[in-house]
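A quick write-up on the structure given underneath.
The values are calculated or read from the model by the stated rules, or taken from the named source; none is laboratory data. Quantities reported herein were computed from a predicted structural model and do not represent experimental measurements. Positions of Cβ are backbone-derived with ideal geometry, glycine not excepted, and every protein chain shown enters the neighbour counts.
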Amino acid sequence: MVPRPLVPAVDATSVSVGEWLELQVELLLDAHRRGDRVAAQLLSGSGVSRGTDEDLLAAPLDPETARKAIAADHGYRDWADVAAHAGQRIDTRFEAAADAIQWGEVETLRALLDEHPALIRMRSPFVHRAMLLHHVAANGIEVERQLQSPPNAVEIMRLLLERGAEPDAVCETYGGGRKQTTLYLLVSSAHPAAAGVQAPLVEELCRAGVRVNGLDDDGVPLWTAITFGYTDAAEALVRCGARVDNIVLAAALGDLETVAACFAPDGSLVRDRPGIPDRFGPDGPPLPPDRVLDYALIQAAAHNRRQVVEFLLRKGPDLEFREPFFDASARGVARHFGNGEIVELLEAHR
């Protein structure tokens, strides 16, 4: 197996958290000296430093800053917090399995699971407490484990599920809670989307029986995919049975019939019907009734739904309204996602 960035090479099957992270500090300092972009990505991704890769690699890196970055990378407040957990043990076989997931080394992963079946139920000792299945989403874990999603990620996921991975298990990413499932992490992750495997991974989880509408049946996965602009993932969720039960979701998915049904014959929005949401997403801030039209337009523009955009423009939306998650207007999201025709439509109605 090829050595991976910032992964300590140790012979023992178990080392302490303190030993592992000290080794990572040395690896980070060495990578920075060599001009390895992974060092810059870790420094910026951990929130310790800001700037371009070139700027971060050109600036000096001292051991104290490297320790701050490694601590933050693993979810610790600082190096003193690391010291408080330094005696906890790391199973290096679990770490090897997590690396195999990121780099698509399915036979390495299979051999590890054959020899150590308990790995499938094991959790990372770090703050996120992710299981191996969560690692497939490449989200909320260490920066060096979010460098890519492999093209054979579906095969990797299938193997984990066949070996008994729990599709709906939660972990402690982003502070924990019932949203932190593999499905939620997957449909908000840039790396599977960039690799073209996000939608197939959604479908693989659904074949394994994942709760497609979320653990609390509140539609969190679909809302999340739509909010983050992952159209393919949203469409995969709907194919797998996710509910499209309001005008905003319907607009994002290009369902003009459902969108149109939310308006009265006089063209006004029927605000007391079931398809009119009262919040931005399932647990976002309140959505004022007079902003439902504007928010539906934003999502239709984000997901390149021309017919829906044309229809909603005839209802007199406020094109300057910005949604609360990314502070984006309809024009802004259309530009961000490269939906040129939608930008032109919106510009024509200014």
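Before moving on, here are some points about what is shown:
- Cβ-Cβ under 7 Å pairs, at least 6 apart or on other chains, the range 292-319 side part of a helix (DSSP H, G or I), far side of a type in the set (Lys, Arg): 293/315
- Some residue of the range 97-117 being touching a helix residue (DSSP H, G or I) at 6+ places or on another chain (Cβ under 8 Å), surrounded by fewer than 16 Cβ atoms within 10 Å (Cβ to Cβ), among the small types (Gly, Ala, Ser) and within 21 Å of residue 42 (Cα to Cα): no
- Hits in the range 241-269 - residues which are outside any loop (DSSP other than H, G, I, E, B) and either among the basic types (Lys, Arg) or free of Cβ contacts under 8 Å to residues at least 24 places away in the same chain (or both): 257, 258
- Each residue in the range 293-350 was checked for being under 19 Å from residue 258 (Cβ atoms), surrounded by fewer than 18 Cβ atoms within 10 Å (Cβ to Cβ) and charged (D, E, K, R), and 4 of them qualify.
- Single match in 309, 270, 248, 244 (criterion: farther than 17 Å from residue 224 by Cα, hydrophobic (A, V, I, L, M, F, W, C) and either at pLDDT 95 or above or touching a Ser or Thr at 6+ places or on another chain (Cβ under 9 Å) (or both)): 309
- The residue list 335, 350 contains one member that is charged (D, E, K, R) and either modelled with pLDDT of 95 or more or outside any loop (DSSP other than H, G, I, E, B) (or both), which is 335.
- Tabulated pairs, the range 224-237, first closer than 15 Å to residue 297 by Cα and assigned by TED's automatic domain parsing to the domain that holds residue 253, second modelled with pLDDT under 95 and of a type in the set (Ser, Thr, Tyr), C-beta under 8 angstrom, 6+ apart or interchain: none
- Failed condition for residue 60, given (1) surrounded by 14 or more Cβ atoms within 10 Å (Cβ to Cβ); (2) free of Cβ contacts under 8 Å to residues at least 24 places away in the same chain: (1)
- Qualifying positions in the range 150-200 - free of Cβ contacts under 8 Å to residues at least 24 places away in the same chain and closer than 22 Å to residue 116 by Cα: 162
- Comparison of 35, 87, 51 shows that the only residue that is touching a strand residue (DSSP E or B) at 6+ places or on another chain (Cβ under 9 Å) and over 27 Å from residue 136 (Cα atoms) is 87.
- Subset of the range 66-90 that is basic (Lys, Arg) and within 25 Å of the chain's Cα centre (by Cα) - its residue that is nearest to residue 41 (Cα to Cα): 68
- Residues in the range 255-292 that are β-branched (Val, Ile, Thr) and over 31 Å from the mean Cα position of the chain (by Cα): 270 only.
- Filter pass, residue 40 being aliphatic (A, V, I, L, M) and over 30 Å from residue 120 (Cβ atoms): yes
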